[in-house]
1. Please verify whether the range 105-114 includes one or more residues that are in a strand (DSSP E or B), in contact with a strand residue (DSSP E or B) (Cβ under 9 Å, 6 or more places away or on another chain) and at pLDDT below 95.
2. Going through the range 60-72 one residue at a time, which ones are touching a helix residue (DSSP H, G or I) at 6+ places or on another chain (Cβ under 6 Å) and surrounded by fewer than 18 Cβ atoms within 10 Å (Cβ to Cβ)?
3. Is there a residue in the range 184-200 that is touching a strand residue (DSSP E or B) at 6+ places or on another chain (Cβ under 9 Å), surrounded by fewer than 10 Cβ atoms within 10 Å (Cβ to Cβ) and free of Cβ contacts under 8 Å to residues at least 24 places away in the same chain?
4. Evaluate the following for residue 124: is it touching a strand residue (DSSP E or B) at 6+ places or on another chain (Cβ under 6 Å), within 30 Å of residue 98 (Cβ to Cβ) and surrounded by 10 or more Cβ atoms within 10 Å (Cβ to Cβ)?
């Protein structure tokens, strides 16, 4: 059942939607992705960083200025990305929204920028493998941290064990020396007692 739901989401096609940005209703492209908004935006940030772009918060969107993206053709655009959780209970599904500006307030629309719009929709339609790969790397990194911590804890326990072993040997040696000291002291004590008795026997009656 879960697999069927995943396949359905994976095959979801992007669509044109209306969003409110800077108090103006604008046209955007959106696609439902079977991952959390954090993972989706992490993927976008990672992909843009590789291309040399850094995003900036813009009224709920993350904006990337003057971007040249091969999937969108040879033009240079300002790209506005936003990922929102589908619902409170459904934290593993989010909607990725993209607005495209050709500069300043000249936002692209499906009608006047048909070719760009088609390419942008295809871009969102094909972004799932990148998000899946990013999510896998995050899981690998997190698991590596778990392994590293477990390894460190194990090594600490080994070192503690070695330290305790040294202390044990030292204590055993101390015990053995103490036994010898007890025996020697007992012999000395008996000798002194015997001398005392000898001295007492010399008293005049």
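The values are calculated or read from the model by the stated rules, or taken from the named source; none is laboratory data. Everything numeric in this text was worked out from a predicted model, so none of it was measured. We place every Cβ from the backbone using ideal geometry, glycine too, and count neighbours over all the protein chains shown.
1. Yes, the range 105-114 has at least one match.
2. Pass one, the range 60-72, residues touching a helix residue (DSSP H, G or I) at 6+ places or on another chain (Cβ under 6 Å): 64, 71-72.
Scanning the range 60-72 gives a single hit, 71.
3. No - not one qualifying residue is present in the range 184-200.
4. Judged against the criteria, residue 124 is a match.
A quick yes/no check of all residues on (1) over 23 Å from the mean Cα position of the chain (by Cα); (2) on the phi > 0 side of the Ramachandran plot; (3) modelled with pLDDT under 95:
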{"position": "21", "(1), (2), (3)": "yes, no, yes"}
{"position": "36", "(1), (2), (3)": "no, no, yes"}
{"position": "44", "(1), (2), (3)": "no, no, no"}
{"position": "57", "(1), (2), (3)": "no, no, yes"}
{"position": "81", "(1), (2), (3)": "no, no, no"}
{"position": "95", "(1), (2), (3)": "no, no, yes"}
